[in-house]
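> Have a look at this one.
The values are calculated or read from the model by the stated rules, or taken from the named source; none is laboratory data. On a predicted model such as this, the values are computed, not experimentally measured, just so you know. Here the Cβ positions follow ideal geometry from the backbone for every residue, glycine too, while neighbour counts run over all protein chains shown. Just so you know, the surface numbers come from the protein's heavy atoms only, side chains and all, with ligands and any DNA or RNA stripped out. Shrake-Rupley method; radii C 1.70, N 1.55, O 1.52, S 1.80 Å.
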Amino acid sequence: MIADLLLFIFSLAALPLAGRVSESARRWIAPIAVTGLGIAAWSAACFLAQSQIFPTPWESFGAIVELAQSSRLWNDITASLFRVTWGFGLATAVGIPLGLWIGWSARSFAALNPLVQGLRPISPIAWIPIAILWFGIGDLSAVFLIFLASIFPIMVGTTAAVQNIPQVYVRSAANFGLTGFDLFRRVVLPAAMPQIITSLRIALGVAWLVIVAAEMVGMQSGLGYLVSDARNMGKRYDLVVAAMILIGLIGIVLDVLVRQLQNFDEVRWGFAKR
Amino acid sequence: MSASSPGSTASKPKVVFEQVAKDFERRGEPLRVLDPIDLVVDEGEFVCLLGPSGCGKSTLLNIAGGFEPPTTGRVVIDGEAVNGPHPRRVFVFQEYGIFPWASVWDNIGLGLRELPKEQQYATIQQTIDLVGLTGFEKSYPMELSGGMKQRVGVARALAVSPDVIYMDEPFGALDSLTRLTMRAELIRIWQTRRPTILFVTHDVDESIQLADRVVVFSPRPGRIAGIVDVDLPHPRDLGTQRYGEIKNQLYELLGVRHAV
């Protein structure tokens, strides 16, 4: 309780401070202070509700430490990352070429877009029985579900990116005699690249979002499995919340990583403020 | 209709418009934007197409460039009808025609892909020096000012030593001082290399400063209201009496009173 009070006071004190310090410091102080206030509010709510089951922030952080001390945590994280890497990687490898093709050719767009738009709204959760039927219980099913979740944002984003290429670039290319593969490599792909990167960013977020659902296909490892396992085995809600916090933190790291793609010289123009 | 410009003897027709007309479709109805145009542009000539916006002058340029087909008529260059863009006849667009994902160097090298490496290097460097971009070879367009970006656009066109350059209000997005500098440089380059230039503008002064001949268009549907020879030597003095006379003539053809 004393820790909560201190946290609350420090966070509140830090907020006005954020207005006066340098730009770079503010980028850190404000979010940390807001998170601190959130944790304090969470703790206060637990105290008021006197719940025996729902964990306080400190119990949840304790659970993270407990997980970290067992060998299990590292195992679960790598298992989840492994599945997301494969699912997302395959979706990228298939989705970008398909999106480029559908975006460039009006005929393939007319033929394929209705099907894409029809498949897109089907939740990956609805695919779970079919995933198990096709791929059995195991990594393959989870990878398939993550693949399904992330291919549509990539495909649709890439299609739109190609369709939005300004006519003046296409005309310039035609004027200088660019055709075929050269046209694709020198104009279509680079012109679409910033928007493709944005769609990759969205897709990776979605891929990580469905990890919990994807590991409900009878997996025996992973952060998603940890959530359902902790609930089933003796209602360890502190472990449930701990896993949720870890999923969120790793999500931030993944987004920061994929955002690094925006810094390449060839695509910086697409992210500059105009 | 239009004879070649009187001052130049032994001139050879380069770009010939034969009854070129264009209709656009609007809600199922054909909308005439260009009445049949006949015009002969000689080799090495600098011709400005001057008119209000929407008079079809840019459309005419796009037809000559091979980006749009005419509804009727044809454009003949070197005795052959135009049926698509051609690497020897290069377009300079108003804005953003250069590729933002490529460096200045790579943008200018776009039309030189077929040349041997050494020749590519020499030509690119020479063109960069010509347009005054030395030192910016590795820069990206977003790091350049508007005037420098348009220099890249002009350099990209010049690098292939084109026969014909089409310019669609290339300096329209620049501030008036930069515009003056760019015009002077364009004339300098044109005098060294003598390509045929078709230059679309709605700026009366710009057309007098640049062109051998100014072709004035009437508003929609576009037709040629008149052709004015600019018989002034370069560099042109904006203060001379003759300049004023030509200016009055152009305003009269445009049907605009310029005394405000």
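> Post the alpha-carbon centroid distance, segment A:113-128 to segment A:74-108, in whole angstrom.
Comparing the Cα centres of segment A:113-128 and segment A:74-108, I get a distance of 15 Å.
> What aspartates and glutamates sit close enough to A:LYS235 to cross-link, taking a C-alpha to C-alpha distance under 18 Å and skipping anything fewer than 8 places away on the same chain?
A:GLU59, A:GLU66
> With chain A treated as a Gaussian network of Cα nodes joined by springs under 10 Å, which of A:ASP229, A:ASP139, A:ASP182 yields the largest mean-square fluctuation?
For chain A, modelled as a Gaussian network with Cα springs under 10 Å, the answer is A:ASP182.
> Quick one: helix A:139-163 against the long Cα principal axis of chain A, what's the angle to the nearest 10°, folded into 0 to 90?
50 degrees
> With n ≥ 4 as the cut-off for DSSP H runs, can you work out [θ] at 222 nm for the protein assembly as shown, using -39500 (n - 2.57) per run divided by the number of residues, rounded to the nearest 500?
Values: 20 runs with 289 residues, N = 534.
Mean residue ellipticity, 222 nm, calculated: -17500 deg cm²/dmol.
> Something else about it: For chain B, the longest stretch holding no GluC sites (Glu not before Pro) located in a DSSP loop with at most 15 other Cβ atoms within 10 Å is which? Present the calculation step by step, with values, prior to reporting the outcome.
Numbers: sites that count: B:GLU114, B:GLU137.
Within chain B, the longest run free of exposed GluC sites (Glu not before Pro) spans B:138-260.
> Taking segment B:159-260, which trypsin sites (Lys or Arg not before Pro) meet the DSSP loop condition and have no more than 10 other C-beta atoms within 10 Å? Write down the numbers at each step before the final one.
On the way: sites: B:ARG179, B:ARG183, B:ARG188, B:ARG193, B:ARG213, B:ARG223, B:ARG236, B:ARG242, B:LYS247, B:ARG257; in loops: B:ARG236, B:ARG257.
Of the trypsin sites (Lys or Arg not before Pro), the ones in loops of segment B:159-260 whose Cβ has at most 10 other Cβ atoms within 10 Å are B:ARG257.
> Then there is this: Helix A:23-49 versus the longest principal axis of chain A: what is the Cα-based angle in degrees, 0 to 90, to the nearest 10?
50 degrees
> For the pair A and B, how large is the buried accessible area, both sides, in square angstrom to the nearest 100, if the probe is 1.4 Å? Working shown, then result.
Working: alone 15860 and 13020 Å², together 26800 Å².
Counting both chains, the buried surface is close to 2100 Å².
> Do the alpha carbons of any pairs in B:LYS12/B:LYS247; B:LYS12/B:LYS138; B:LYS12/B:LYS117; B:LYS57/B:LYS247; B:LYS22/B:LYS149 sit beyond 30 Å of each other, and which pairs? Let's see the in-between values first.
Values: B:LYS12/B:LYS247 28 Å; B:LYS12/B:LYS138 40 Å; B:LYS12/B:LYS117 35 Å; B:LYS57/B:LYS247 19 Å; B:LYS22/B:LYS149 32 Å.
Going by Cα-Cα distance, B:LYS12/B:LYS138; B:LYS12/B:LYS117; B:LYS22/B:LYS149 fall outside the 30 Å limit.
> Tell me the angle of helix B:241-254 to the major Cα principal axis of chain B, expressed in degrees between 0 and 90 and rounded to the nearest ten.
Helix B:241-254 sits roughly 70 degrees off the main axis of chain B.
> Chymotrypsin sites (Phe, Trp or Tyr not before Pro), restricted to segment A:210-274: which are DSSP loop and have at most 14 other Cβ atoms within 10 Å? Spell out each step's value before the answer.
Numbers: sites: A:TYR225, A:TYR237, A:PHE264, A:TRP269, A:PHE271; in loops: A:PHE264.
Within segment A:210-274, the qualifying chymotrypsin sites (Phe, Trp or Tyr not before Pro) (loop, at most 14 other Cβ atoms within 10 Å) are A:PHE264.
> Can you give me the C-alpha center-to-center distance between segment B:15-33 and segment A:161-226, rounded to a whole angstrom?
39 Å
> Another one. In whole angstrom, note down how far apart the Cα centers of segment B:70-112 and segment B:200-260 are.
Centre-to-centre distance over Cα atoms comes out at 26 Å.
> Rounded to the nearest 5, what is the percent of antiparallel bridges among the DSSP beta bridges in the protein assembly as shown? Can you show the working numbers first?
Values: 24 of 43 bridges.
Antiparallel bridges: around 55 percent, rounded to the nearest 5.
> In a Gaussian network model over chain A where Cα atoms closer than 10 Å are linked, find which of A:GLY138, A:GLY36, A:GLY222 has the largest mean-square fluctuation.
A:GLY36
> Express the accessible area of chain A per residue in Å², computed with a 1.4 Å probe while the remaining protein chains stay in the model. Spell out each step's value before the answer.
Details: 14810 Å² over 274 residues.
Accessible surface, normalised per residue, equals 54 Å².
> Restricting to Cα pairs below 8 Å that are 6+ residues apart, what does the relative contact order work out to for chain B? Please round to a whole percent.
In percent, rounded to a whole number, it is 25.
> Pairs of alpha-carbon atoms within less than 8 angstrom and 6+ residues apart define the contacts here; what relative contact order does segment B:96-161 have, in percent?
Working: 71 pairs, mean separation 33.5, N = 66.
Relative contact order of segment B:96-161: 51 percent.
> Give me the inter-chain shielding for A:163-174: mean count of other chain Cβ atoms within 10 Å, whole number please. Please report the intermediate quantities before stating the final value.
Values: counts 0, 0, 0, 4, 2, 8, 7, 1, 8, 15, 3, 8.
Counting Cβ atoms of other protein chains within 10 Å of each residue's Cβ and averaging gives 5.
> Right, something else. Which residue fluctuates most in the GNM of chain A (Cα springs below 10 Å): A:SER11, A:SER80, A:SER150?
A:SER11
> Compute the signed sum of charges (Lys and Arg +1, Asp and Glu -1) over the other residues within less than 10 Å, Cβ to Cβ, of B:ASP35. Display every interim value, and only then the final one.
Details: positive: B:LYS22, B:ARG32, B:ARG220, B:ARG223; negative: none.
The answer is +4.
> For the protein assembly as shown, what are Rg and Dmax over the alpha carbons, in angstrom?
That works out to 32.3, 102 Å for Rg and Dmax.
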